[in-house]
Amino acid sequence: MRREPGVAATDCWRAQPRRARAADFARSWALTRGNGWRLFAFFFLLLVAYVVVMIVVSIVLGTIFSLLGEQVAQFGDALVISLLNAGWGVLMLAALAAVHDQLAGLSPAKLNETFE
């Protein structure tokens, strides 16, 4: 049986009872209450920084690749954009995890209980 990529990522969330999912959303709202604009500004500035880095890197490396020929330029541009997008995904996941950690305020001892 073939699965859709996004479906596999949400299977464990969908396996929870509806009450548990509602509790997850309620906890998320409670954690972010009063910090909405700060979170928006943080992630917006992160996006702006990413766009600036992507433009600068694309221009610099695009110029270098274009000197090596049309096919090299196309391949190089695709490679650079793919790597930058992969980096963006990692950066966003790390930022979301750090924001959650700060908002949840879990102590290291409490966090260790989760894994024991």
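All of the numbers you see were taken from the coordinates with simple rules; none came from a lab. Worth saying up front: this structure is predicted, and the values here are computed from it rather than measured. Reconstructed Cβ throughout: ideal geometry from the backbone, glycine too, with neighbour counts over all protein chains shown.
Quote the FRET efficiency, to the nearest 0.05, computed for S82 versus L103 with a Förster distance R0 of 35 Å and r equal to the Cβ-Cβ distance.
On the way: r = 32 Å, r/R0 = 0.91.
E between S82 and L103, to the nearest 0.05, is 0.65.
In nm, to one decimal, how far is the L93 label point from the Y50 one, both placed 7 Å along Cα→Cβ?
1.3 nm
For segment 36-115, state what percent of all Cα-Cα pairs lands in each successive 10 Å bin, counting from 0 Å until the bin that includes the largest distance.
16, 32, 23, 17, 9, 3
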